[in-house]
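Comments concern the structure below.
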Amino acid sequence: MDNESSQNRLLIKNGTVVNEEDVTEEDIYIEDGIIKQMGNNLIIPGGTRVIDARGKYILPGGIDPHTHLDFEFMGTRTVDNFYSGTKAAIAGGTTMIIDFVFPKKGESLLDAYYEYRQKADGKACCDYAFHVCLSHWSEQVKRDMEILTKEHGVNSFKMFMAYDFMLNDSELYSAFEQCQNLGAIAQVHAENGSIIAKNAQRLLARGITGPEGHEMSRPEEVEAEAVNRACVIAKQVNCPLYVVHVMSKSATEALYSHSGSTKVFGETLAAALGTDGSHYRHECFQHSAGHVLSPPLRPDPSTPLALMNYLAQDVLQLIGSDNCTFNKAQKEMGKNNFTKIPNGVNGLEDRMSVVWEKGVQTGIISPSRFVAITSTNAAKIFNLYPRKGCIAVGSDADIVIWNAGATRTISAQTHHQAVDFNIFEGMTCHGVAEYVIVSGRVCLDDGQLRVVEGYGHFVDTPVFAPFVYNPDEMDSLKPIKINDVNDFDLMEKTHKIKLV
Ligand code: URP
Ligand code: ZN
Ligand code: ZN
Ligand code: ZN
């Protein structure tokens, strides 16, 4: 078997293929990064590398819809960049990320976009796309949004309702209106920033300076109020709304109460399922500050299970990591004032295992629902489907061979991320990625990580995603089941790609 053919031709045999809509026993033949055939008794060229996946699940590679790599935030910069972050992602079974371009207040959206392309291009080990944050509102921002959607493959914009770069209601209204005009998706960080600022002042004045103050200043209702307000504003302009990092029961309920009249999507985080807000009272500062993110983890111990159930019931649709990592020394910037602790936690590497453990292993969700919330729904919402988010002929060969019988124990000592802390420390998870195939290349090979820096590409996310703007059109995008590789016409039509 020569090396070159083993790189671009691959057969995965005897596995159980899990898609959102079905589970099948099929072999998968991959060539040049694309799934070319699926079925049994496939006829394949000699010299093809064969991986035996007997007894294993074959899953679409995870898509993490929420990461912050190489991100300058709260006076410092995340320790994980596009290399270490995507390397770790692959180790855990994630084959695509969608990161946030963050313009500094007043900076042009386009300049920020180019800056992020420079940070990621040539570094990322897996494919990536971008959401773009609006850190202020102006007519120029409005024009830049149009250019980003028309010329740069961006179809989502994040607005903040907290932090000193938050938008007010009338600015949110205008931003949502522009998203709707362009066929983009509006994303919100939903917390009432004005209430948080007042609460924080009062707590500091009372001498509460530690990480517990972070959570105390941002209680659930402050999140739920903002979710409700964002939904009301989105409804006025008929704009589809995606609420990022939904962290509480009351915020989910607020979101759900609008689902009958507005197109709303809710994303929660691996952090919210795998740990909780009790850690803010831990005596060790590195430990408690290591859990600081916004909105915070909730002290209500029933929250993680409730969020898992909401994912099972399609009240929430996706799970991200919000990976935004800072080391001990950086977290110590807030040693005497919780408002200065850089906000963010890990999760990019462990998201898949945490969801499997809390969802599938417990029997709350099926493997198919696991695929939906970790991959397919992100692909559909951000208009990457069926190129990404499913295992089908014509799709990118982003595939995980998943051993549900194996376990691993998460630790900062052994993880692949650059950060020195792990919020899931000591958690034993069933479900281990054994092989991870990224665009046809075996990047995790029987547990051995063999990534290539810069192997990933920027992927355009076109506007007017059918799943968001025209659900009736989704039927025509359904992956087709054919073993006949000569039926190129049908494949080109269905997958909107050119097969060679
Ligand atoms: O605490 C968080 N979530 N840090 C990342 C920035 C954001 O708001 O997503
Ligand atoms: Zn946020
Ligand atoms: Zn500690
Ligand atoms: Zn975030």
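The values are calculated or read from the model by the stated rules, or taken from the named source; none is laboratory data. Not measured: the values here are computed from a predicted model. All Cβ positions, glycine included, derive from the backbone under ideal geometry; neighbour counts span all protein chains shown. Only protein heavy atoms, including side chains, enter the accessible area calculation; ligands, DNA and RNA are left aside. Shrake-Rupley method; radii C 1.70, N 1.55, O 1.52, S 1.80 Å.
Details
- Summed side-chain charge close to L311 - residues other than L311 whose Cβ falls under 12 Å, Lys, Arg +1, Asp, Glu -1: 0
- Reach of K150 by Cα under 20 Å, taken over lysines that are not fewer than 8 positions away in the same chain: K142, K158, K380, K496
- DSSP-defined beta bridges in the chain - what % are antiparallel, rounded to 5: 45
- Loop-located trypsin sites (Lys or Arg not before Pro) in region 2-77 whose Cβ has at most 10 other Cβ within 10 Å (DSSP): R54
- Applying both filters, DSSP loop and at most 15 other Cβ atoms within 10 Å, to the GluC sites (Glu not before Pro) of region 14-106 gives E21.
- Protection-proxy order for peptides 394-401, 248-255, 300-307, each taking the mean of Cβ atoms within 10 Å per residue, highest first: 394-401, 248-255, 300-307
- Descending by average beta-carbon neighbour count within 10 Å, the peptides 358-367, 419-428 line up as 419-428, 358-367, the highest first.
- Rounded FRET efficiency, nearest 0.05, which uses the C-beta distance separating M474 from L449 and R0 of 30 Å: 0.25
- Approximate shape of region 258-351 as ellipsoid semi-axes (Cα gyration tensor, √5λ), whole Å, largest first: 28, 14, 12
- Our helix-only sum for the chain, with -39,500 (n - 2.57) per DSSP H run of n ≥ 4 divided by its residues, gives a mean residue ellipticity at 222 nm of -8000 deg cm²/dmol.
- Dimensionless Rg over Rh [region 82-160; C-alpha; Kirkwood]: 1.01
- Within the accessible area of region 187-241 (1.4 Å probe), percent carbon and sulfur: 49
- Against the empirical 2.2 N^0.38 Å (N residues), region 387-436 has a Cα radius of gyration ratio of 1.47.
- Per residue, the convex hull volume that the Cα atoms of region 28-101 enclose (Å³): 129
- Relative contact order (percent, whole number), the chain, Cα cutoff 8 Å, 6+ residue spacing: 21
- Packing around the peptides 124-133, 216-225, taken as the average count of other Cβ atoms within 10 Å per residue, puts them in this order, highest first: 124-133, 216-225.
- Shown for the chain is the translational diffusion coefficient from the Stokes-Einstein equation, using the Kirkwood radius over Cα pairs, a temperature of 10 °C and a viscosity of 1.306 mPa s: 70 µm²/s.
- For region 21-178, carbon and sulfur atoms together expose 46% of the accessible surface, with a 1.4 angstrom probe and every protein chain in place.
- Cα centroid separation - region 391-415 against region 197-252, whole Å: 33
- Within the accessible area of region 285-430 (1.4 Å probe), percent carbon and sulfur: 49
- Helix axis angle, 82-91 relative to the chain longest principal axis, alpha carbon, degrees: 60
- Whole-percent pair-distance distribution, where bins are 10 Å wide, for the alpha carbons of region 1-135: 11, 31, 26, 18, 11, 2
- Loop-resident GluC sites (Glu not before Pro) (DSSP state other than H, G, I, E or B) in region 265-370 with no more than 13 further Cβ atoms inside 10 Å of their Cβ: E283.
- Whole-Å semi-axes of the ellipsoid equivalent to region 127-280 (Cα gyration tensor, √5λ, descending): 28, 17, 15
- For region 198-337, relative contact order (Cα pairs under 8 Å, six or more residues apart, normalised by length) works out to 27 percent.
- Per residue accessible area in Å² of the chain, where ligands, DNA and RNA are left out and the probe is 1.4 Å: 36
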